[in-house]
Amino acid sequence: MNNFENYVYEPIDLCACYEPMFDAPADFIEDWYREYGLRNPFSCKVTRKIGNTWYIIETECGGDEPLPSMMRRLIFSDKGVV
């Protein structure tokens, strides 16, 4: 019983629970920053197929569009993304 009590009341390092277990590979981090690094949060990039041709469409708010219509356009532009 003494060993059980020592085990139960042993302090737990909560900070160690939330530390990352590994670092991401350097090439993954570089690719991520190249793709998403300094992107405007109000931009959207989708891929569409029209006929036999693939198009990459990127939309970005210029600041003169009302926020509700811009959000509607960004949300519904995700349909059909490959």
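Please treat every number below as a calculation from the coordinates, not as lab data. What you are looking at is a predicted structure, and each value in this text was computed from that prediction instead of being measured. For neighbour counting, all protein chains shown are included, and Cβ atoms are generated from backbone atoms with ideal geometry for every residue, glycine included.
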Problem set entry | Taking ASP31, ASP13 and counting other C-beta atoms within 10 Å, the order from fewest to most | ASP13, ASP31
For this session: Could you line up ARG48, ARG34 from fewest to most neighbouring Cβ atoms inside 10 Å?
Result: ARG34, ARG48
